[in-house]
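Trainee: The structure follows.
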Amino acid sequence: MTTYRETVDTLCQLVQTGDEADRCYAARTLGLLRDSASIETLIERLRDEDLDVAIDAAEALGNIGSPEAMPALIESLEKDPSGEVCTMVAIALGKIGNTDAIDPLLKICLERPEDMEWNDDWDTWWDVQKAAVHALGKLQAEKAIDHLAALIDDETQQDMEPDILNNLIRISSTGEARVIERLQSQESASIHRRRAAHALARSSSSVATKALGRALTDPAADVRAEAALSLSAQNAISYLSALTLLLRDPDNEVRQAALKAVTQLAQNSDNAPDIEEAFQEMLTDPDPEVRAILYSMLLPVVSDNPLSEENYQAVLNHISDASAEAAAAACALLGANRNTSAITQLLEIVDNNNSHPMVRKEAATAIGSLGEINAQVLNALEKAITDAQQAVRLAALEALMELEKSGLITQPHDAEEPLPRPLDLVMGALNGEITVPQPAPATPVEVSLDTNINNGEEPQDSDEKPPEESDAAVEISKPDLDLPEIPAQIVTEGEVTPAMSTLDAISMANVETMLATPHPEQEIQDEATMEYMEIVEDNKELMRRMRSNRKIDAQLDIRRLAAHVLADIDETEVLKTLIQALNDDDAPVRREAAESIGIMAKRNPQLDGLSDAVGTLITQLAIGDLDQKIASARALSYIGNRAALAPLVEVLKAPEFTLRIQVIDALAYLSLNSQDPVKADHMVVRDIPTLSIARRLMECLEDHEMGVRVAAAKGLARILEPLQEESFTRKVVEKIIDGVTIGTGEEARLIGRALRQFDTELANSILLTNLKQADDSVKRSVYIEMIEELLTAQDNPEQAA
């Protein structure tokens, strides 16, 4: 007996003899395995005393899809008082696809069973009714058309119009005709015509297409708009010209819909009219949202078919649009259009601090795309690097990098000095050579706080004007104050609570309430409270890290962003600059430099000079903050130098589980993708064999953190696949499976997917053994979930259709 057949038999036995949880999990897995041998067992569970079991059994029978289950399912539909069970039965009958189900489905769709239960104030029959409508559509139940059409207008029923319309179309052309009637009936409210137009998008018939074409002239704007979108969904290229005319519709919503439809159809047509010509009038549309959509639609077009001079000017005139969205889209379109005459206006936008940051960002990006390097461009982008808005700073740096890769220098022949490379500006920003201009200091103002101003008299009029208010510091001359020689009360040590953060205060207040003690320093004995306090401390640390990344001054942010964008170019000089930045005084710069080195190494592991970063990265791995350690571990894995293996193994003991997860991934990657130390001339003092790394990862399967256990399982699967160590692999699989029961078992499905990378027969046999030996339903559910994930992804020839 194969493990697959043994699995089906074991699950069938659990469905029959297990507790409620066992029966639910086993039934659901049997349905996903789709084995016909389980049908009889599942049919018996349709009458299970536990509703959840009956629901899962019905779902499983629907997934298996065998007509053998039809009589039992129909009986449940007609006799079971539970609406939840009947809903799943109706779904199952639709999946099986046998026409014997049409009559009972139609009956329950039209007539509420007297004994069907309510769920509080919700009639569960409504759910059954909707499921039956969908099932009748799948079964293409011609005899149901008239009944379903009448059901739409029955005011005593729930609103199922969209569901019924969709399924009328699914049934046949006759059902589709009923939907077209609703679309063309001017007596119906526009919402009903719009819903009919939306449903007809699912049809591929020429009759439906013609009906939608006529609906383009409907008096209701929402119907015209929906008809346009449905024609696009049908790929009705023959209506492209008609939709082009709709671009002039007086309604904004219609023009937007027509714009989307024309763009989509034009891209799919070889004989489409000139799309730019069709959109010409809309380039100056009064609705900024329409213009924004149009500019975005033209982005992929203009690279091969640039805008005409007239249309180019129309777009250029809108880069200062009052609508930020439209202006930003116009800037992006100009960048894609590659007409360098737009640079002057784009530079003005970048330099205008009153413009919206999104617009200035897109303008800077467009300048990079246009690819012209001159003094004005470099000066403007260098200035933008110091902008108050981070989005503008980043866009300026990215534009410089784009110009470095593909830009063309345009410099007068009589220029005294050559222009700097855009790359030099970015590296200068990283090195702190580009600084944020400081505002001029304000003159301090002396203010006298005389308590006897004018000796109590009214102030006299004066021609002197008061000084203007300023944010500058104010020097205050304070009068002499008589202070008491001793405080009113002596406070003894311990009577005053030390100052603390808001989070501390909140958590401490909760603890004090629970323990009825006024002193936060009193030792907490309650286990639940201690656990709560640990969570508070973890959250505080997380918030500290998030705030440190978010609240960063502009000067430091410039350097951090420069380190970030430099990852795009594989140059030795750039790599040297980033390696130098690993020793920077500022943590964000060090961290971004490590990330960029890792990106460069992953893209080009043969880049000369990468090994020069290994020593510093290893040091940062040992002494850096958490984010620095994670970035260093990732970079070391991509560099491919086996000298990093030993330091990485040591960090497996780190207290931070996020770091342990990254190190596991780094070890797995490095062990499989490292360079030969001799050929690469790497100095490796202590090399670690791949099998030894696997043994260390195996220890991580006992980690108390779920994420670490999952990462270890995935890492081991990658490492062991090429090693062919059968005995050791079996021990690893056993330990991976045992590790799931260390915690709550919530990683069962993740581990089940990881087990797919091992031998399926081996993993399944171990899971079956554990399933049979498990002494409670919680453990059994964990093993069943892993079996389900392991087997349902396999193309097992023993699984019945």
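The values are calculated or read from the model by the stated rules, or taken from the named source; none is laboratory data. All values reported here derive from a predicted model rather than from experimental measurement. Because the Cβ atoms are built from the backbone with ideal geometry, glycine has one as well, and the counts that use them run over all protein chains shown. Side chains included, ligands, DNA and RNA excluded: accessible areas come from the protein's heavy atoms. Shrake-Rupley method; radii C 1.70, N 1.55, O 1.52, S 1.80 Å.
Trainee: Within the range 129-147, which residues are hydrophobic (A, V, I, L, M, F, W, C), under 21 Å from Pro113 (Cα atoms) and in contact with a Leu (Cβ under 8 Å, 6 or more places away or on another chain)?
Mentor: Taking the range 129-147 and keeping what is hydrophobic (A, V, I, L, M, F, W, C), we get 131-133, 135-136, 139, 141, 144-145.
Filter once more, so that each one left must be under 21 Å from Pro113 (Cα atoms): 131-133, 135-136, 144.
Ala132, Val133, Ala135, Leu136, Ala144 - these are the residues of the range 129-147 that are hydrophobic (A, V, I, L, M, F, W, C), under 21 Å from Pro113 (Cα atoms) and in contact with a Leu (Cβ under 8 Å, 6 or more places away or on another chain).
Trainee: How about the range 693-717: which of its residues are in a helix (DSSP H, G or I) and not hydrophobic (A, V, I, L, M, F, W, C)?
Mentor: Result: Arg695, Arg696, Glu699, Glu702, Gly707, Arg709, Lys714, Gly715.
Trainee: Enumerate the pairs (first residue in the range 555-574 and open to solvent by less than 10 Å² (accessible area, probe 1.4 Å); second residue anywhere and at pLDDT 95 or above and not in a helix (DSSP H, G or I)) with beta-carbon separation below 7 Å, excluding pairs fewer than 6 apart on the same chain, so at least 6 apart or on different chains.
Mentor: Within 7 Å, the pairs are Ile558/Thr386.
Trainee: Limited to the range 676-691, what total is found for residues that are loosely packed, with under 13 Cβ neighbours inside 10 Å, touching a helix residue (DSSP H, G or I) at 6+ places or on another chain (Cβ under 7 Å) and not hydrophobic (A, V, I, L, M, F, W, C)?
Mentor: The number of residues fulfilling the criteria is 1.
Okay, residues lined up against (1) open to solvent by less than 70 Å² (accessible area, probe 1.4 Å); (2) within 30 Å of the chain's Cα centre (by Cα); (3) modelled with pLDDT of 95 or more:
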{"site": "Ile385", "(1), (2), (3)": "yes, yes, yes"}
{"site": "Ala395", "(1), (2), (3)": "yes, yes, yes"}
{"site": "Thr410", "(1), (2), (3)": "yes, no, no"}
{"site": "Arg421", "(1), (2), (3)": "no, no, no"}
{"site": "Gly428", "(1), (2), (3)": "yes, no, yes"}
{"site": "Leu449", "(1), (2), (3)": "no, no, no"}
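Trainee: I've got another one for you. Just for the range 139-162: of the residues that are open to solvent by 30 Å² or more (accessible area, probe 1.4 Å) and modelled with pLDDT of 95 or more, which one is farthest from Ala92 (Cα to Cα)?
Mentor: Applying the filter and picking the extreme gives Asp146.
Trainee: Now, a different point. Just wondering, is there one or more residues in the range 286-307 that are hydroxyl-bearing (Ser, Thr, Tyr) and either out of contact with any helix residue (DSSP H, G or I) (no Cβ under 6 Å at 6 or more places or on another chain) or over 21 Å from Ser369 (Cα atoms) (or both)?
Mentor: Scanning the range 286-307, I find no residue that is hydroxyl-bearing (Ser, Thr, Tyr) and either out of contact with any helix residue (DSSP H, G or I) (no Cβ under 6 Å at 6 or more places or on another chain) or over 21 Å from Ser369 (Cα atoms) (or both), so the answer is no.
Trainee: Give the range 353-379 a look and list any residue that's free of Cβ contacts under 8 Å to residues at least 40 places away in the same chain and open to solvent by less than 20 Å² (accessible area, probe 1.4 Å), or say none.
Mentor: Arg360, Ala364, Ala366, Ile367, Gly368, Leu370, Gly371, Val377
Trainee: How many residues are over 22 Å from Leu645 (Cα atoms), among the charged types (D, E, K, R) and more than 27 Å from the chain's Cα centre (by Cα) if we restrict to the range 704-754?
Mentor: 6
Trainee: Residues of the range 734-765 being open to solvent by less than 10 Å² (accessible area, probe 1.4 Å) and hydrophobic (A, V, I, L, M, F, W, C), which ones?
Mentor: Taking the range 734-765 first, the residues open to solvent by less than 10 Å² (accessible area, probe 1.4 Å) are 736-737, 739-740, 745, 747-748, 751-752, 754-755, 763-764.
Ile736, Ile737, Val740, Ala748, Ile751, Ala754, Leu755, Ala763, listed by residue number.
Trainee: Of (1) in contact (Cβ under 8 Å) with a residue 60 or more places away in the chain; (2) surrounded by 15 or more Cβ atoms within 10 Å (Cβ to Cβ), Asn673 satisfies all except one. Which?
Mentor: Failing condition for Asn673: (2).
Trainee: Among Lys731, Lys779, which is the only one that is open to solvent by 70 Å² or more (accessible area, probe 1.4 Å), closer than 20 Å to Asp19 by Cβ and charged (D, E, K, R)?
Mentor: Lys779
Trainee: Follow-up. If I ask for residues that are open to solvent by less than 20 Å² (accessible area, probe 1.4 Å), in a helix (DSSP H, G or I) and either in contact (Cβ under 8 Å) with a residue 60 or more places away in the chain or not hydrophobic (A, V, I, L, M, F, W, C) (or both), which ones from the range 236-258 would you list?
Mentor: Arg255, the sole residue that qualifies.
Trainee: Could you tell me whether Val782 is aliphatic (A, V, I, L, M), at pLDDT 95 or above and over 28 Å from Asn641 (Cβ atoms)?
Mentor: Numbers: aliphatic (A, V, I, L, M): yes; at pLDDT 95 or above: yes; over 28 Å from Asn641 (Cβ atoms): yes.
It is true that Val782 is aliphatic (A, V, I, L, M), at pLDDT 95 or above and over 28 Å from Asn641 (Cβ atoms).
Trainee: So Ser206 passes all but one of these: (1) under 26 Å from Val89 (Cα atoms); (2) open to solvent by 70 Å² or more (accessible area, probe 1.4 Å). Which condition number does it fail?
Mentor: Ser206 satisfies every listed condition except (1).
Trainee: Hey, another quick one. With the range 718-801 as the region, which helices (runs of 4 or more DSSP H) entirely inside it contain at least 1 residues that are touching a residue at least 60 places away in the same chain (Cβ under 8 Å)?
Mentor: Correct list: 760-773, 777-791.
Trainee: Could you please find all residues in the range 662-692 being among the charged types (D, E, K, R) and in a helix (DSSP H, G or I)?
Mentor: The first filter runs over the range 662-692 and keeps only residues among the charged types (D, E, K, R), leaving 665, 676, 679, 681, 686-687.
The one that is among the charged types (D, E, K, R) and in a helix (DSSP H, G or I): Asp665.
Trainee: When you check Gly94 against the structure, is it touching a Gly at 6+ places or on another chain (Cβ under 9 Å), touching a residue at least 40 places away in the same chain (Cβ under 8 Å), open to solvent by less than 50 Å² (accessible area, probe 1.4 Å) and assigned to a helix (DSSP H, G or I), yes or no?
Mentor: So Gly94 passes the test.
Trainee: How many of the residues in the range 297-322 are surrounded by fewer than 20 Cβ atoms within 10 Å (Cβ to Cβ), at pLDDT below 90 and in contact with a Leu (Cβ under 8 Å, 6 or more places away or on another chain)?
Mentor: Counting residues in the range 297-322 that are surrounded by fewer than 20 Cβ atoms within 10 Å (Cβ to Cβ), at pLDDT below 90 and in contact with a Leu (Cβ under 8 Å, 6 or more places away or on another chain) gives 1.
Trainee: Follow-up. So Ala680 clears everything in (1) more than 27 Å from the chain's Cα centre (by Cα); (2) under 24 Å from Thr29 (Cα atoms) except one condition, right? Which one?
Mentor: (2)
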